[in-house]
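All remarks here apply to the structure that follows.
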Amino acid sequence: MSGTNIQKALLTKGYFPRELPPTFTTADFGLHSPDILNEWESRKVFSKKAMGKTPCKKKRSNAYSYSLKSAEAEVISKPKRGYERRNIHLTHPVAQALIAAELSNNWRPVQKWLSRQEFSEDDIRVSEKYERSIKGINFAMHRAKKS
């Protein structure tokens, strides 16, 4: 899957939590996210800056960070059973789009790093074909391993 498709999948089907009603959607946001990010960058909604040297004075290659004026999460309180409530956090769209773009642009190194993890049995796959952008975790296998 190409980087742009990963970015679109993450923002189209993986941004909002499934507890939100289906009337809330990010389909257009995911579809147009590359153009939206370019527009935000040209309007200086966020800035990208080099990280400089490590504490040991070694040069960092391709290391950078983003700067945003504000990126607070929105918290929605949803009723549960009885008098209980559950807080749902919605990540700021700029931060969510940037992390999706970074993951999509660096998907091969991310997959390589994930494959080296000795405690994970899950094969992480991202696609717009799934109900959510990332294929579900095999909880039955995790319970069996734990027991």
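Values quoted throughout were computed directly from the atomic coordinates according to the rules given, and no laboratory measurement underlies them. All figures in this text were calculated on a predicted structure; none of them were measured in a lab. Ideal geometry is used to build each Cβ from the backbone, glycine not excepted, and the neighbour counts take in all protein chains shown.
Can you give the percent of C-alpha pairs in the chain whose distance is more than 22 Å? Tail of P(r) above 22 Å: 55 percent of Cα pairs.
Each of T4 and E74 was given a label point 7 Å from its Cα along the Cα-to-Cβ line. The distance between the two points is 2.8 nm. The ellipsoid that matches the Cα gyration tensor of region 46-129 has semi-axes, each √(5λ) in whole angstrom, of 31, 22, 14, with the longest given first. Legend: distances between Cα atoms for K80/K129; K48/K135; K112/K135; K8/K112; pairs beyond 23 Å are K80/K129; K48/K135. As a ratio to 2.2 N^0.38 Å, the alpha-carbon radius of gyration for region 1-50 is 1.32.
Net charge dipole, the chain: roughly 700 debye, given to the nearest 20, about the Cα centre with Cβ charges of +1 for Lys and Arg and -1 for Asp and Glu.
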